[in-house]
Amino acid sequence: MGSIGIVGAGVAGMVAASRLARAWHRVVVLEGRDELGGRTRSRPVDGDVLELGGQMIASRHRRMRKLVAENGLHLRREQSGLGIIRWRGPQHTRGQAIPPARPRDLAAAIRLLLALRRGPADDRLSAAEWLRSARLTPALEDMIFPALAGMFCVDLDEVSAVQVLEFVDGLGGGIPCLLGGLGNHYRIVEGMSALHDRLAATLPEPVRLGSTVTHVGQDRAGVTLGCADGRSVEVDYAILCVPATAAIAFDPPLPEQSAYDAVTFAPATKVAAVVPRKRAWQAPGFVGGSPVIAGWRTRHVLYGFALNGAAQRSDEELVTDLLAGFALSPAEAERTEVIRWAQDEFTHGTYVHYRPGEMHLRTRLARPQGRVFFASAERSASWPIHMEGAAESGAMAADEISALAAP
């Protein structure tokens, strides 16, 4: 069997490595961080886990759900559907109950649902432009825009309408998405890091942590993975399971380099606060406000995404705004974390967002180049901003190489 180098120990990398190891290939996993997980790492807290990155698994994410079960872990359903969350309009720092719908709001909602069924003609429109074409009322716009912006971690003016429509369709369509898909999801009880640990335990060789790959060379004989510390690894094939923005030099150069140069990751900041267990009167989530545009909670942890202006805000300001969205004070936080993903040296952002007119880039990002294959969420045709996409992409790349390397 052939030797395969895996660059990156996030969801895509660990899925690919485990799958190839089960097929009796020699697998070498190189990870630049000092821990597994990439954009999906967790920390234990009393009675819960604090997720630093990706955490949501939808009911349609069959691959992730199966992966969790196969590794002896458990899922818990979290609900923060639009019927019970708080709404933070321009004048409501702490949020208020979503006001009763007026007839004109209901009419606008029907227009939106009909538009969701038709979809945009092409991706030259931004999601904001397309949504406004449905003639939303101000009240509906104030709820829909922050909810979707919170999912994509970017202003809707900067993301293709086609990407948003595909996201909604993946959650079951307009009605399921708007009434529950945005807020109802599962998470791993033991945390994402537990999944990575279980997958690593299936590998014959330990993951090589602290091994930042900076150079990938290939010829007809194989692939050389060069690390920042001067070491190198020779393998027959390689799968690069790192974000498309990773600073890696290729020899020969990638034919699709222009696509890599154009891809953009949302510069969002994830804010988290550990608090006492939820009281009966507290809402499970909120939408709207600034700088934290949307928030949700688990048993003991509040989460939110801060978008515009987050880089200019202190950690204390971001945490205070998150807590305010749940009508809590800073004194009630037992522990806080502010993860500024735009400053992360390995990812430079959170999710990929394709700007208007750039949806064609994703197929170019996924194309193998000789003996080098690629896998990550943004390279998935189905789930480009979900862990499901990373798992799908990693499995597909592993299967392609397994077929090539078979005797």
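The values are calculated or read from the model by the stated rules, or taken from the named source; none is laboratory data. These numbers were taken from a predicted model, which means no experiment stands behind them. Neighbour counts run over all protein chains shown; Cβ positions are idealised from the backbone, glycine included.
Overview of values
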| read-out | value |
| --- | --- |
| Test for Arg60: is it within 22 Å of Val216 (Cβ to Cβ) and surrounded by fewer than 24 Cβ atoms within 10 Å (Cβ to Cβ) | no |
| Selected residue (criterion: surrounded by the most Cβ atoms within 10 Å (Cβ to Cβ)) from residues of segment 41-56 that are in contact with a helix residue (DSSP H, G or I) (Cβ under 7 Å, 6 or more places away or on another chain) and modelled with pLDDT under 95 | Gly54 |
| Lone unmet requirement of (1) out of contact with any helix residue (DSSP H, G or I) (no Cβ under 6 Å at 6 or more places or on another chain); (2) of a type in the set (S, T, N, Q); (3) under 30 Å from Thr363 (Cα atoms) for Thr269 | (1) |
| Every residue from segment 307-319 that is crowded, with 21+ Cβ neighbours inside 10 Å and more than 9 Å from Pro291 (Cα to Cα) | Val319 |
| Failed criterion for Ala327 (all others in (1) surrounded by fewer than 23 Cβ atoms within 10 Å (Cβ to Cβ); (2) at negative phi hold) | (2) |
| The lone exception for Gln282 - which of (1) farther than 26 Å from Met143 by Cβ; (2) outside any strand (DSSP E or B) it fails | (1) |
| Pairs where the first residue, in segment 3-25, is under 20 Å from Gln218 (Cβ atoms) and modelled with pLDDT of 95 or more and the second is assigned to a strand (DSSP E or B) and of a type outside the set (A, V, I, L, M), C-beta under 6 Å, 6+ apart | Ile4/Tyr237 |
| Some residue of segment 321-331 being more than 30 Å from Gly222 (Cα to Cα) and in contact with a Pro (Cβ under 8 Å, 6 or more places away or on another chain) | yes |
| Boolean, Ala311 is of a type in the set (A, V, I, L, M), modelled with pLDDT of 90 or more and farther than 24 Å from Glu190 by Cα | no |
| Cβ pairs under 9 Å, 6+ apart, first in segment 250-269 and touching a residue at least 40 places away in the same chain (Cβ under 8 Å) and at negative phi, second basic (Lys, Arg) and part of a strand (DSSP E or B) | Pro267/Arg340; Ala268/Arg340; Thr269/Arg340 |
| Test result for Gly304, buried (at least 22 other Cβ atoms within 10 Å of the Cβ), under 21 Å from the mean Cα position of the chain (by Cα) and in the same structural domain as Leu140 (by TED's automatic domain parsing) | yes |
| Residues of segment 336-386 satisfying the condition of being outside any loop (DSSP other than H, G, I, E, B) and hydroxyl-bearing (Ser, Thr, Tyr) | Thr336, Thr363 |
| When residues of segment 314-342 are limited to those that are among the polar types (S, T, N, Q) and either outside the structural domain of Val287 (by TED's automatic domain parsing) or closer than 18 Å to Gln282 by Cα (or both), the one modelled with the highest pLDDT | Thr320 |
| Candidates Leu225, Leu156, Leu131, Leu125, filtered to the one that is modelled with pLDDT of 85 or more and in the same structural domain as Ala9 (by TED's automatic domain parsing) | Leu225 |
| Members of segment 364-407 found to be of a type in the set (Ser, Thr, Tyr), surrounded by fewer than 24 Cβ atoms within 10 Å (Cβ to Cβ) and under 17 Å from Ala21 (Cα atoms), listed by number | Ser402 |
| Candidate set from segment 233-249 (those that are in a strand (DSSP E or B) and buried (at least 18 other Cβ atoms within 10 Å of the Cβ)); member that is nearest to the chain's Cα centre (by Cα) | Leu240 |
| In segment 348-385, residue modelled with the lowest pLDDT [restricted to those that are within 24 Å of Leu148 (Cα to Cα) and charged (D, E, K, R)] | Arg362 |
